[in-house]
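Undergrad: The structure under discussion is supplied below as structure tokens; questions concerning it will follow.
The values are calculated or read from the model by the stated rules, or taken from the named source; none is laboratory data. Being a predicted model, the structure only gives us computed values, none of them experimental. Heads up, the Cβs are rebuilt from the backbone with ideal geometry, glycines too, and the neighbour counts pull from every protein chain shown.
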Amino acid sequence: MTIQHAIIIGGGITGIAAALALTQLNRMTCSVFEIKPEPATIGGAINLTPNALRYLEHLGVLSRLTQLGCEVKSIEIASLRTGQRLGIINYDKIEKFQHRALRVMRHDLLQAMLTTLEELGVNVQYGMRIDTVVEGHGKITATFEDGMRLEGDILLGCDGIHSAVRTKFIQPDRKPEYTGVANAYGLLDATDIRDTIPINSTSLFFSRFGSLLLSYTDAEMSRLYISAVMGTQDVGSREGWITKGDDQDTLKRDLLRRFSGPTLPSLGSIIQRADAITLYPVYRLSENGMWSSGRMLLLGDAAHAMPPQGESVGLALEDVVLLSRILEHHETRPVEDIFLRYDDLRRPRINTAVKEANFGFETIKDRGWVATIIMEWLTWIVLAWRATRKEEEFIFDVLEVSNDGTAGGINGGPARAANDGAAGAANGGAAGAANGGAAGAANGGAAGAANGGAAEAANGGAAGAANGGAAGATNGGAAGGGIGAIARAFIAMLAFSD
Ligand SMILES: Cc1cc2nc3c(=O)[nH]c(=O)nc-3n(C[C@H](O)[C@H](O)[C@H](O)COP(=O)(O)OP(=O)(O)OC[C@H]3O[C@@H](n4cnc5c(N)ncnc54)[C@H](O)[C@@H]3O)c2cc1C
């Protein structure tokens with residue numbers, strides 16, 4: 001029996017994207033339920049990576065959004081201690097990625113998605129809180145607290161990190177945990193101080209006491225988003241809140257203590273000017289949780305919320321587009337098989353992203369001078385080391401997914417994946433992965449990975465990794481990896497910095 005009707009719980013980015021994909025690409029009907037009384041977000045601005053933009057284009061949303069945001073060619077990462085650049089995250093490879101990145105206001109993104117959905121004749125039902133679900137006779141029935149009942153073929157839990165679908169019906173013991181880090185963010189009018197702001201479009205400054213992101217959110221570069229990430233004791237609330245009056249003054253004093261100083265004097269006045277600063281405690285989910293049960297599937301943050309690293313929207317959209325692809329190819333298979341197939345294909349990429357996001361967050365907490373200097377060096381090394389993998393992540397496209405594994409190749413790079421391996425190749429590189437391995441090759445490099453190994457090769461290098469090893473080769477070099485000297489050195493340095 002084909003799957004025709006989806007009940008979607010959550011009217012955020014993932015829920016709306018799911019409704020867009022299933023309605024347009026799978027010709028299904030969707031009923032979307034949001035707990036809030038009206039469309040709302042946690043505020044502030046959001047970075048959309050090249051892959052996020054490709055998926056938004058695929059879903060028919062991007063054209064509404066581009067003119068509302070600020071194009072980001074790269075995020076420059078600098079030391080607040082010295083003002084020196086430590087590295088960049090480079091999005092300026094349009095021939096490979098098809099898009100650069102875009103910083104937009106969260107509400108503009110949600111609104112653009114909602115308008116596109118409305119045009120398809122799908123309306124979100126607001127103020128709806130799910131109460132129970134019952135499965136039987138090839139259907140799932142959801143009942144809401146107001147007594148409304150609805151039958152569907154599948155139910156998608158897109159209700160964010162504190163998901164009721166997850167904690168009530170799929171895995172009640174998988175509760176979010178506080179990371180020990182909070183995010184303080186706000187906006188300011190930068191029109192008359194733009195010359196004093198030391199950034200192109202987006203910069204991230206590392207200090208002893210956390211990191212501070214500055215990013216324009218509009219094409220005219222008149223509105224600046226500031227976002228501080230810092231170690232903070234458990235604030236006793238899982239929701240973010242807008243600080244006002246004395247609370248805001250106290251928070252600003254804390255931000256000034258952490259981030260103002262002689263190297264970049266303008267940061268002090270930027271912090272002073274920011275208004276309505278939101279303090280948002282960052283939670284995360286444990287790795288390897290259950291994503292599905294019977295006819296229910298979790299997508300986006302409900303399945304794999306991780307500390308923000310500026311890429312989670314891309315991952316959530318990827319979830320949705322991958323599900324849509326699998327449904328397209330297997331629509332007559334039992335729902336449980338479809339969800340297991342999804343899990344098999346999706347898990348390796350998400351596990352890698354979760355590890356990276358958790359690792360990045362561990363380096364944020366307050367530390368001494370010596371540890372700060374070591375961390376600056378490590379940041380430089382890690383950014384250089386990860387550059388190729390970041391590139392693969394931005395190139396990776398679930399629209400290229402084959403039935404055997406995940407493989408993405410563009411510009412003539414062949415990629416082959418089998419038994420849940422993941423391979424990506426670009427510009428004549430060749431990559432092959434098997435049995436859970438991950439391989440990426442660019443610019444004529446060749447990489448092969450098997451049995452959980454990870455290999456990256458660029459510029460004519462050749463790398464092979466097996467049995468959990470990691471290898472990377474560039475510029476004609478050749479490497480074969482066990483656990484990887486860089487990773488060992490990195491972990492040793494971190495232990496020292498504690
Ligand atoms: C401070 C911060 C900064 C970030 N910055 C970036 C960034 O720059 N780039 C990036 O890619 N990602 C970023 N992220 C991550 C990104 O915001 C999330 O990955 C993304 O919002 C996930 O979307 P979602 O729809 O899965 O969940 P959410 O955005 O949490 O949406 C879930 C929706 O479900 C609703 N809901 C909750 N419970 C129920 C219920 N019981 N019934 C019905 N509806 C319910 C909620 O009200 C909400 O509308 C950031 C995250 C944080 C916290």
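Undergrad: Looking at segment 150-162, is at least one residue surrounded by fewer than 17 Cβ atoms within 10 Å (Cβ to Cβ) and in contact with a Leu (Cβ under 9 Å, 6 or more places away or on another chain)?
TA: Checked against the condition, which is being surrounded by fewer than 17 Cβ atoms within 10 Å (Cβ to Cβ) and in contact with a Leu (Cβ under 9 Å, 6 or more places away or on another chain), segment 150-162 yields no hits at all.
Undergrad: Tell me whether segment 288-295 contains one or more residues that are within 16 Å of the ligand (Cβ to nearest atom), outside any helix (DSSP H, G or I) and in contact with a helix residue (DSSP H, G or I) (Cβ under 6 Å, 6 or more places away or on another chain).
TA: Taking every residue of segment 288-295 in turn, at least one turns out to be within 16 Å of the ligand (Cβ to nearest atom), outside any helix (DSSP H, G or I) and in contact with a helix residue (DSSP H, G or I) (Cβ under 6 Å, 6 or more places away or on another chain).
Undergrad: In segment 197-237, which strands (runs of 3 or more DSSP E) lie fully inside it and hold 1 or more residues that are among the β-branched types (Val, Ile, Thr)?
TA: In segment 197-237, the matching strands (runs of 3 or more DSSP E) lie at 202-207, 223-231.
Undergrad: In segment 304-317, which residue that is assigned to a helix (DSSP H, G or I) and more than 8 Å from the ligand (Cβ to nearest atom) is surrounded by the fewest Cβ atoms within 10 Å (Cβ to Cβ)?
TA: For segment 304-317, the residue satisfying everything is His304.
Undergrad: Which one is nearest to the chain's Cα centre (by Cα) among residues in segment 174-218 that are farther than 30 Å from Ile373 by Cβ and β-branched (Val, Ile, Thr)?
TA: Per the stated criteria, the residue is Thr217.
Undergrad: Please work out if Leu327 is aliphatic (A, V, I, L, M), more than 16 Å from the ligand (Cβ to nearest atom) and surrounded by fewer than 16 Cβ atoms within 10 Å (Cβ to Cβ).
TA: Taking the combined requirement at face value, the residue does not satisfy it.
Undergrad: A follow-up question, please. Mind listing whichever residues of segment 1-28 are part of a loop (DSSP other than H, G, I, E, B) and within 12 Å of the ligand (Cβ to nearest atom)? Full working, then the answer.
TA: Going residue by residue through segment 1-28, those that are part of a loop (DSSP other than H, G, I, E, B) are 1-4, 10-12, 26-28.
Selection gives Gly10, Gly11, Gly12.
Undergrad: Right, next: Do we have Ala316 as in contact with a Gly (Cβ under 8 Å, 6 or more places away or on another chain), of a type outside the set (Val, Ile, Thr), closer than 25 Å to Ala101 by Cα and in the same structural domain as Ser163 (by TED's automatic domain parsing) here?
TA: Spelling it out, Ala316 is indeed in contact with a Gly (Cβ under 8 Å, 6 or more places away or on another chain), of a type outside the set (Val, Ile, Thr), closer than 25 Å to Ala101 by Cα and in the same structural domain as Ser163 (by TED's automatic domain parsing).
Undergrad: State which residue pairs qualify: first residue closer than 12 Å to Val282 by Cα and inside segment 304-316, second residue among the hydroxyl-bearing types (Ser, Thr, Tyr) and assigned to a helix (DSSP H, G or I) in any location, beta carbons under 8 Å apart, and separation of 6 or more residues or different chains.
TA: From residues that are closer than 12 Å to Val282 by Cα, the pairs are Ala305/Ser312; Met306/Ser312.
Undergrad: Now for a different question. Which count do you get for residues in segment 143-161 that are among the small types (Gly, Ala, Ser) and more than 10 Å from the ligand (Cβ to nearest atom)?
TA: First, pick out the residues of segment 143-161 that are among the small types (Gly, Ala, Ser): 147, 152, 157, 160.
Of the ones still in play, those that are also more than 10 Å from the ligand (Cβ to nearest atom) are 147, 152.
Final tally of qualifying residues: 2.
Undergrad: Now a separate question. Of the numbered conditions (1) part of a helix (DSSP H, G or I); (2) buried (at least 24 other Cβ atoms within 10 Å of the Cβ), Gly268 fails exactly one; give the number of that condition.
TA: Failed condition: (2).
Undergrad: State yes or no: is Thr196 in contact (Cβ under 8 Å) with a residue 12 or more places away in the chain, surrounded by fewer than 18 Cβ atoms within 10 Å (Cβ to Cβ) and β-branched (Val, Ile, Thr)?
TA: The answer is yes for Thr196.
Undergrad: Would you mind stating whether Leu298 is buried (at least 23 other Cβ atoms within 10 Å of the Cβ) and farther than 17 Å from Asn351 by Cα?
TA: Values: buried (at least 23 other Cβ atoms within 10 Å of the Cβ): yes; farther than 17 Å from Asn351 by Cα: no.
Criteria not met by Leu298.
Undergrad: Okay, moving on. All but one of (1) modelled with pLDDT of 85 or more; (2) under 24 Å from Ala305 (Cβ atoms) hold for Val401; which doesn't?
TA: Going through the list (1) modelled with pLDDT of 85 or more; (2) under 24 Å from Ala305 (Cβ atoms), Val401 breaks only (1).
Undergrad: If you scan segment 8-28, which residues turn out to be buried (at least 21 other Cβ atoms within 10 Å of the Cβ) and over 24 Å from the mean Cα position of the chain (by Cα)?
TA: Met28 - this is the single residue of segment 8-28 that is buried (at least 21 other Cβ atoms within 10 Å of the Cβ) and over 24 Å from the mean Cα position of the chain (by Cα).
Undergrad: Name, by its number, the condition in (1) within 13 Å of the ligand (Cβ to nearest atom); (2) at pLDDT below 95; (3) surrounded by fewer than 16 Cβ atoms within 10 Å (Cβ to Cβ); (4) not hydroxyl-bearing (Ser, Thr, Tyr) that does not hold for Val181.
TA: (3)
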